[in-house]
1. Does residue 77 count as more than 26 Å from residue 13 (Cβ to Cβ), surrounded by fewer than 10 Cβ atoms within 10 Å (Cβ to Cβ) and at pLDDT below 85?
2. List the pairs whose first member sits in segment 17-33 and is on the phi > 0 side of the Ramachandran plot and at pLDDT below 85, whose second member is surrounded by 13 or more Cβ atoms within 10 Å (Cβ to Cβ) and in a helix (DSSP H, G or I), and whose Cβ atoms are under 6 Å apart, counting only residues at least 6 apart or on separate chains?
3. Anything in segment 56-73 that is modelled with pLDDT of 85 or more and surrounded by fewer than 10 Cβ atoms within 10 Å (Cβ to Cβ)? List them, or say none.
4. On the given criteria, is residue 7 assigned to a loop (DSSP other than H, G, I, E, B) and either on the phi > 0 side of the Ramachandran plot or at pLDDT below 85 (or both)?
């Protein structure tokens, strides 16, 4: 998740809380129109969240598969090592 993940999640939770509160108020006031509007918002939000989750589940950014990882290791091992010069070391006093 990106660095803006936490505020985004907080906004989603606040929005979900608002939908629940609106549904309770609609039921308390016996306003069927408001209840159906809240249910439509809930259904739309649920569809968007499921679609986003499925799209993100298909992405892989963490670690390559074992074959790719082995190929990378082989390429790294076959490269000649660069010889370190005097200027490559830090000097601490």
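The values are calculated or read from the model by the stated rules, or taken from the named source; none is laboratory data. In this text the structure is predicted, and so the values were computed from the model without any measurement. Cβ: placed from backbone, ideal geometry, glycine included. Neighbour counts: every protein chain shown.
1. So residue 77 fits the description; yes.
2. none
3. If the condition is that a residue be modelled with pLDDT of 85 or more and surrounded by fewer than 10 Cβ atoms within 10 Å (Cβ to Cβ), then 67 is the only one that fits.
4. Numbers: assigned to a loop (DSSP other than H, G, I, E, B): no; either on the phi > 0 side of the Ramachandran plot or at pLDDT below 85 (or both): yes.
So residue 7 fails the test.
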